[in-house]
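Below is one structure, written out as C-alpha cells; comments come after it.
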Amino acid sequence: MFSVTSEHGCLKTVLVFQPGPEVEQGFPGPLALHPYLGKEYWNLFSVQQQFNRMVELLHRKDVEVLEVRQLLGEILEVDLRGVLQEILATQCDNYLQYRGGWPKPEEAVEDLIVGVPQPIDPVQGVIILPLKYAHWVRDQAFIVGKVVCLSSVIERRRGGTQLIRSVVRHHPRFANCRVLDFETYQGVKVEGGDVMVFSPEVVLIGAMSRTDFESARQVASILLQEVPQLRVVYVVEISKLQGVIHLDQVFAMVGDRAALAIPYVFDEPLAYVQLAKPLGDRIQADTGCSESDLPFQTIPGRLWVVERDRVKEGKPLLQQLRTDGLLDETLWIGGGRSDYQNEFEHFRVAWREATRQAGNVLCVAPWQILAYGGRNPNTESSLGQFLQRQGGELLTFDGSELDRGQGGPHCLTMPLRRS
C-alpha cells in the first residue's frame, strides 16, 4: 500500500517520468512548433544524462524507482484497446487510421508521450501533442496519507496527468489505492508542487500562480473530508516573485521540524514589504508600469488555518509552524543573514537562487537531501554544513539543463511510499 505522511521520512518508492524526445518541443509559446528552436532550447542528451544521474542517486539510497513509461507499457500489454480508447477518446479513430490498425504496446507508449502528427487532414492539426512537461511528475499527482490525488493542471499539461490517471486506474501496483481526482471538481486548480505533507494530520498548500487562493481553500476542505487522519490544512498566500511558480521553490522540509525557506517573505512580511516597495516604486517611476506588472508583490500573503469545522486566519507561516510544534529550525535560501551587508542584498540573492531551484530539493531520508549542485553556492554551502552537523549529507548532481524547465528534484519525483 502506498502511503506518504511526511516530507522528510525515509523514501521507499517514488514515481518518475523519464524525459524523451518530447522535451525537444519544450521551447515556450508558439516557437515550440519550430523544427530547430525547440531542439536548441533543451538538449535531450544532457537532460536525460542529468535525469539518469538523479535516478542513480535514488537507487544508491535504496529507493525503488517506478517509471511512468514502463507502467504505461505494462497496462497496455494487458488491455491495449481499452486503455487507448480511454486516453484518446474521440481521437482514437484518427490515431488508428494514422497507424493503420492497432499498434504494438511499445509503439503506443511512445506515440502517447512523444506525440503523433496528423498527415491525413492538415486542417485538423496533430492527433496527439507531445508531452513536453510531463517529467515534472510531482505537479500532476501527489499522495496525502493513503489517498492518491490527481491534479487539475493547466491545459497544456493535462496530457501527462491523463497518462498517470490511466496508470493509477489500471496498474496492479495501485490496485488498493483510494483515488481523489481534482479534475472532477469544477473550477479547482491544484498542482502537486504547491502541496506538502507535514504529518498524517497536517498538510500545507501554497496559493500562488498555479494553485489560486480559492482553489487552495477548496482543496483543503476536500482533503479534510476525504483523508481520514487529516486534522488541519494550512493555506498560505505566497507573494508573487518572478520566476517562482510553486511553493516548493521557496519552502522545503529538510528534516524533522527543520525547513529551508526564502527569507522575509514568510517570517517577516513587514520587512519584505519594506524591502520590495522602494524597488517597486523605482521601477514604476522609471517604466510607468502598474503595480500588477511588477516582478513581485509588495503586499505580504496571509496564512489560513483550515479545520473540519472552521477557518481562521493564522500567524505568518513560519511563526505558525513553530507555535504548533511543527518547526524548530529554519535555514534560509541564499544563506544566513550574517553573510550579507543588509537585508536587501540577502533577499536579492535568495530570490535569484530560488529561481534556480535552490529550494526545490528532495528529502530521501532524514537529513539526506537531493539537490542540484553548482547552481546556488550560497544555499548549497549553508545547507550542506547544516546537514553535516545533523549527521546527514547533501547529495548533488548537475541540473543545469533540467533547470531550464523551471523545476528541481522535488518536481521530478512523486513519492509513493515513505516510512
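Couple of notes before you dig in:
- Label separation (VAL311 vs GLU107): 5.1 nm, computed from points 7 Å beyond Cα along the C-beta direction.
- Residues whose amide H comes within less than 5 Å of that of ALA365, counting only those at least five positions distant or on another chain, are LEU11 (H built at 1.01 Å from N in the peptide plane).
- Placing a label point 7 Å from the Cα of ALA89 along the Cα-to-Cβ direction, the residues of the range 148-166 whose backbone N falls under 19 Å from that point are 150-166.
- With a Cα cut-off of under 17 Å and a minimum spacing of 8 residues unless on different chains, the lysine pairs in the chain number 4.
- Förster-model FRET efficiency, 56 Å R0, ARG337 and ARG156, C-beta, rounded to 0.05: 0.90
- Alpha-carbon centroid distance for the pair the range 99-119 / the range 249-263, whole angstrom: 42
- Using 0.36 nm per residue and subtracting the Cα-Cα separation, the extra length available between SER400 and MET1 on full extension is 140.1 nm.
- Shown here: the range 227-279, whose C-alpha atoms stretch 47, 22, 21 Å along the first, second and third principal axes, sorted largest to smallest.
- Highest-MSF residue in the chain out of GLU155, GLU56, GLU191 [GNM, Cα springs under 10 Å]: GLU155
- Here the extension length gained between ARG282 and GLN70 equals 71.1 nm, from 0.36 nm per residue of separation less the Cα-Cα distance.
- Listed residues GLY373, GLY159, GLY255, most fluctuating in the chain (Gaussian network, C-alpha, under 10 Å): GLY373
- Estimated purely from DSSP H runs of n ≥ 4, each contributing -39500 (n - 2.57), the mean residue ellipticity at 222 nm for the chain is -10500 deg cm²/dmol once divided by its residues.
- Shape of the range 72-201, Cα gyration tensor, a/c cut at 1.5: prolate
- Cα shape, the chain, gyration tensor, a/c 1.5 rule: prolate
- Applying 0.36 nm per residue to the separation of GLU345 and GLN319 and subtracting their alpha-carbon distance, the gain on full extension is 7.0 nm.
- Spin-label model distance (nm) - ASP181 vs ARG302, 7 Å beyond Cα toward Cβ: 3.5
- The chain - charge dipole about Cα centre, Lys and Arg +1 at Cβ, Asp and Glu -1, debye rounded to 20: 520
- Most fluctuating residue given options ASP281, ASP403, ASP139, as computed from a GNM of the chain linking Cα atoms under 10 Å: ASP281
- Here the range 136-151 and the range 45-67 have alpha carbon centers that stand 20 Å from each other.
Bear in mind these aren't lab numbers, they're just calculated from the coordinates by the rules spelled out. Being a predicted model, the structure only gives us computed values, none of them experimental. No Cβ is skipped: glycine too gets one built from the backbone with ideal geometry, and neighbour counts run over all protein chains shown.
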